[in-house]
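What follows draws every value from the coordinates through simple rules; no lab data is involved. Being a predicted model, the structure only gives us computed values, none of them experimental. Positions of Cβ are backbone-derived with ideal geometry, glycine not excepted, and every protein chain shown enters the neighbour counts.
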Amino acid sequence: MNLNEVLTGKLTGAYQAINWNQVSDQIDQATWHKLTEQFWLDTRVPVSNDLKDWRELDDDHKWLVGHVFGGLTLLDTLQSQDGMAALRNDATTQHEIAVLNNIQFMESVHAKSYSTIFSTLNTPSEINEIFAWSDSEEFLQNKTKRIYELYHSEGDPLKKKISSVFLETFLFYSGFFTPLWYLGNNKLTNVAEIIKLIIRDESVHGTYIGYKFQVAFNKLDNQRQQALKDWMYNFLYDLYDNEEKYTHLLYDQVGLTEKVLTFIRYNANKALMNLGQDPMFPDTAADVNPVVMNGISTATVNHDFFSEVGNGYRLGNVEAMSDQDYQLSSWEAHHQPKK
Ligand SMILES: [Fe+2]
Ligand SMILES: [Fe+2]
């Protein structure tokens, strides 16, 4: 069976049932287990417990929270509606398609979870204004359109994977900074819990797509590898240039811009690491503001999945993914962090 023929409806041979007892790439199975183990829903996190903190914020900080989440909604919408569908066309195993189906659904959960936060914290007219903003804001639309166009181009499948990893591991982080900053200050902790569940998913998504990229990249000759590297670094720099402007727009009024820029350069390097490439920026974890690192390292609060009381989100009670999660030789060979 040719996988692409099945995917495009041009089946010439027999249609093949997916057999999970014969998995050709163990990373597919390990990722499926990881993602299903950490399944969660936005409706199980008691966001209304943050209303007291919310009411204490001034208008500038309320504006920031609402609009970073508007931006994140747009990016998760892109991943759920276009990103995974684009990557499915280039899948090399049936199990990869199953994993991408899981990711696609969770991207819809992510996109919806911001609406859950809005409906708790914002008035209907504020919500309308946030969506009108995210559907029109220049720098937010710029990055969304760049990624969208690559997803829908006839071009190189590897450029689609690069786009996806840049979105997952880099572009989200100008937005994620805000809830992590509040969490590090022990504010809006339930909102931050949702964001940490999203970050935990994005971490697996970026690592998995990055791995699939590396498998294909390593089969290219040196000349094609170099051309793709040049394209990748230029593309990242263009995205960073735009991200700098987006960050000023969001954060200048609360004086956090420089802290956010350090954080996003650190995450840009992590995106390159997922793709098996050397870092572009000098920033490391030690340069990121400790309040944000404190927020990102806080264990999930663990809400009870079934009763919404107590303190155990049982189905989501797993740690964020690290490089050590895949103790498979083929994985490690491609995935050593760059010094
Ligand atoms: Fe997402
Ligand atoms: Fe994702």
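Miscellaneous remarks
- Using every pair of distinct Cα positions in the range 26-334, the Kirkwood expression returns a hydrodynamic radius of 19.7 angstrom.
- Taken over the range 40-174, the alpha-carbon convex hull comes to 106 cubic angstrom per residue.
- The range 119-188: C-alpha gyration tensor shape, a/c 1.5 cut-off, then a/b vs b/c: oblate
- Exceeding the 22 Å Cα-Cα cut-off - candidates K187/K270; K145/K219; K159/K212; K161/K229; K159/K245; K34/K196: K187/K270; K145/K219; K159/K245
- Cβ crowding within 10 Å, taken as a proxy for footprinting-reagent exposure, orders W181, W133 from fewest neighbours to most as W133, W181.
- Normalised by residue number, the volume inside the convex hull of the Cα atoms of the range 133-236 is 118 Å³ per residue.
- Packing-based exposure ordering (other Cβ within 10 Å, fewest first) of E168, E126: E126, E168
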